[in-house]
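First up is the structure itself, then whatever we jot down about it.
Just so you know, all these numbers are worked out from the coordinates, no wet-lab data involved. Keep in mind that this is a model prediction, so the values were computed, not measured. Note: ideal-geometry Cβ built from the backbone for every residue, glycine included; neighbour counts use all protein chains shown.
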């Protein structure tokens, strides 16, 4: 199954007009149209792989252009060529001697690498007939380690340390973990109740429904206006009661001093964490905020816009975060997330993935299952974000039961979308966009 | 002159086949084709502005695509709209609520912003009939400060501090500085003698010629092979003698421990700095390297791939560099470089710009002249990189006299290229590339 050559790579600009209803609105992204650069690869013997990277509307065409530029590094290779030396292929894709200049390993070109690598991991898992998390869990630790490019992180985690960590955890592990997970699922929290653009009435109603569905952990968007935030947090804390968890998310709205002062004023609502208090590049800023908020019992969470393993390494080294929010599409796919999860384990910081958008839940659930079964073996202070939008466009959508992610069973990375969804939402020529653009007179 | 509306924005993918002769080769970029996304803006009353961002070949089309996406934020505005609230326009361009997701302020989208903003600064300087450095030097400090987006850097430099710094320097300054500069020029160092792909013979010959031309500061590319580097550094140190300056540049080749060990072995050649020893994102790594090399008298220099003011802020806060290498095209143009130069001044770290490539020397000379005349007033440990390639394509090329940059006199940012050069080198349809691609059978 691994011998066919990758003969085709197609990429689509798929956008969902979520801004029409203020879904996904936050302090920095007022009107996102949840979108994706959607990649389909196919071998000459008919094996397929599907990968995405998530975007929020305008600019998706730039990521599509980058995927096309990188595609020459993929076409003609067999899956075996790639996975037998996966860190080598990773390096080749992310460090092309000309294209690395426009990154390196950050922004558009890294998002494009993620989409392609996600498709390759999907193809690999399909070839093995396993959901991706199971492929990872079953893999020999040595082979897992060979998927990681350790360049620039050996001062925090060497190849040998990573291997010892995996092997020692493997020996201690309760081999019933996968079975338990299949029954109970992985704990989730919801962000669907309190987007910034929602009215109080909408917020109250959504929160009330979520409570009846069994949700116990809730995230609220903050950062645009302090009085509004006090009202919204107070409302939600009253509704969910003192025992449930409340997290707040500022989406990079503040400078360092401002973050400390603002969050201090929300401390009475006892948030577990403040997410993205400032610029995602500001490691030292996050460290200062972490230090100032620790006495209040509020942690700092970040990661959805942390662009590579070198940044995560420094966040960990500087004690600049207390929750590592990996993202399945921002960094270099499973390969780079393996490095990040292993570093988080070494630094004893829990991983709580970012999800939502288009397909982020579908993909990242595989990674957090692997993290639980093969790396952390703990649920303490751990949970995975969930947002209930756009799952209907995926062939193997996430299954949430009693506020838990139920482990996917279909082979692959759960990344395949329905052809019809892709076609309808292609920008700008799919029927959904033709109709919107006609209405707007464009 | 500032009232016309920007009615047109054209962008070209311009590439020079420098890889054919190994110009620009280093430890990470084996075969760069020096390239640019070249932007021309024009108002409806006929004023023009020219801007570039530098790239090294493949991937330039992605930056071009990003410039096109951002152009909707520029078209229809007057130059007065823009410069009367320049930090507001900067924020609008770099923080579009959808496009910021694929950055923010990093990689492709930041390079594209730089190209557009460079064109706007060029247009402004032309409208005022001054070379850009003179526009900056003559500008009221309050107006200068209003060009800077202080978001995320107020923990290192507030607007008020920046203003006080500029005003107090202004009062102390020797008003003969501009006149002196016009006579003597700004000191430069050369990187043209020792690219990694050059033979020893080529290196010896170039170095010998450079010495006769008056060069006293030389940079050598290192990092691919220690024995080679020892031989090359020894050769150059012998040729230039003990008094002249030698700098070495690894272009991100090493991990942290490797950098320390490797550079220690080159310490006998007394390099003034090691440039880009590791990942450009690794602030804490550079801090560790700086600390380890300080006893050897070797500083750390970095910046050409440092993607924004927030990263420079942290490099300064962490004492992670001893030479700030600003780049005219990597970060958000003059606006962001003003912030970086003012932070460097506050932290008392000298600015030694990165240049070379296509047009980087033409542009950055304006910034370093401003830094000298209005910010640092010092030449101690200061110099600007020079590489003698591709200047013939610019209408106002750099003038080097006795290893000094002679201040440009033509109005603008020296960023305009000859139409013929642009047309010939357009990728892939310009005649230079048609002929190369035909030879290669593509």
| query | Across the Cα atoms of the range B:249-333, what radius of gyration and what greatest pairwise Cα-Cα distance (Dmax) are found, in Å? | reply | 12.0, 38
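Within a 10 angstrom radius of the beta carbon, how do B:347, B:218, A:54 rank from fewest other beta carbons to most?
By the 10 Å Cβ count, ascending, the order reads B:347, B:218, A:54.
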| remark: Note: the range B:80-178 at 37 °C, 0.692 mPa s; Kirkwood Rh on alpha carbon pairs; Stokes-Einstein D in µm²/s works out to 217 µm²/s
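So if we plug the beta-carbon distance of residue A:183 and residue A:7 into 1/(1 + (r/R0)^6) with R0 = 56 Å, what FRET efficiency do we get, rounded to 0.05?
Details: r = 41 Å, r/R0 = 0.73.
The pair residue A:183/residue A:7 has a calculated efficiency of 0.85.
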| Using alpha carbon centroids, what distance separates the range A:21-42 and the range A:205-284, in Å? | 22 Å
| field | Debye log10 I(q)/I(0) at q = 0.15, 0.21 Å⁻¹ for the range B:1-48, Cα point scatterers | value | -0.55, -0.70
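Which whole number gives the average count of other chain Cβ atoms within 10 Å of the Cβ atoms across peptide B:91-101?
Details: counts 0, 0, 0, 0, 3, 4, 11, 14, 7, 7, 17.
Mean inter-chain Cβ contacts per residue within 10 Å come to 6.
Considering only DSSP beta bridges with both partners in the protein assembly as shown, what is the antiparallel share in %, to the nearest 5? Please report the intermediate quantities before stating the final value.
Details: 50 of 87 bridges.
Percent antiparallel among DSSP bridges in the protein assembly as shown is about 55.
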| request: Rounded to whole Å, how close does chain B get to the rotation axis onto A by Cβ? Give me the residue too, please? | output: B:107, 1
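Got a sec? How would A:439, B:8, B:106 order by Cβ neighbour count within 10 Å, fewest to most? Provide the component values of the computation, followed by the final result.
Values: A:439 8, B:8 13, B:106 27.
By the 10 Å Cβ count, ascending: A:439, B:8, B:106.
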| said: Taking residue A:378 in one copy and the same position in all the others, each labelled 7 Å out along Cα→Cβ, what are the pairwise distances from the first, in nm, shortest first? | reply: 4.8
| Between copies, how close do the residue B:319 label points come, placed 7 Å along Cα→Cβ, listed in nm from shortest? | 2.0
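So what is the relative contact order for the range A:299-433, in percent, with contacts set as C-alpha pairs under 8 Å and at least six apart?
Details: 204 pairs, mean separation 24.3, N = 135.
Taking the mean separation of contacting Cα pairs over the length of the range A:299-433, I get 18 percent.
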| Where the centroid of each part is defined by its Cα atoms, how far is the range A:374-442 from the range B:389-442 in Å? | 47 Å
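From the gyration tensor of the Cα coordinates in chain B, what semi-axes in whole Å does the equivalent ellipsoid have, largest first, with each one equal to sqrt(5λ)?
Details: eigenvalues 206, 140, 89 Å².
Whole-Å semi-axes of the equivalent ellipsoid: 32, 26, 21.
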| field | Order of A:195, A:433 - criterion: other Cβ atoms within 10 Å of each residue's Cβ, fewest first | value | A:433, A:195
| query | Which whole-number percent is the relative contact order of the range B:166-419 (Cα, under 8 Å, 6+ apart)? | reply | 20 percent
| task | Count, for each residue of A:49-61, the Cβ atoms from other chains sitting within 10 Å of its Cβ, then give me the mean as a whole number. | result | 4
| Which distances in nm, rounded to one decimal and ordered from shortest, link the label point of residue B:296 to the equivalent label points in the other identical copies, with labels set 7 Å from Cα toward Cβ? | 4.5
| query | Once the Cα atoms of the protein assembly as shown are picked out, what are the Rg and Dmax in Å? | reply | 26.9, 83
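Hey, what's the per residue convex hull volume over the C-alpha atoms of the range A:166-419, in cubic angstrom?
On the way: hull volume 32.6 nm³, N = 254.
Convex hull of Cα atoms, per residue: 129 Å³.
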| said: I'd like the per residue volume of the convex hull spanned by the Cα atoms of the range B:114-248, given in cubic angstrom. | reply: 208 Å³
| field | Estimated Rh, the range B:236-379: Kirkwood, alpha-carbon pairs, angstrom | value | 15.4 Å
| field | Range of Cα positions in the range A:132-191 per principal axis (Å), largest first | value | 37, 33, 19
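Order the peptides A:288-299, B:10-21, B:328-339 from the highest to the lowest mean number of other Cβ atoms within 10 Å of their residues.
Details: A:288-299: 17.8, B:10-21: 20.6, B:328-339: 27.8.
Sorting A:288-299, B:10-21, B:328-339 by mean packing, highest first, produces B:328-339, B:10-21, A:288-299.
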| Taking chain A as a Gaussian network, where each spring joins two C-alpha atoms under 10 Å apart, which residue of A:193, A:147, A:92 fluctuates the most? | A:92
| request: Take peptide A:256-267, look around each residue's Cβ out to 10 angstrom, count Cβ atoms belonging to other protein chains, and average those counts. | output: 1
| request: May I ask you to derive the relative contact order of chain A, considering only C-alpha pairs under 8 Å and at least 6 residues apart, and to give it as an integer percent? | output: 19 percent
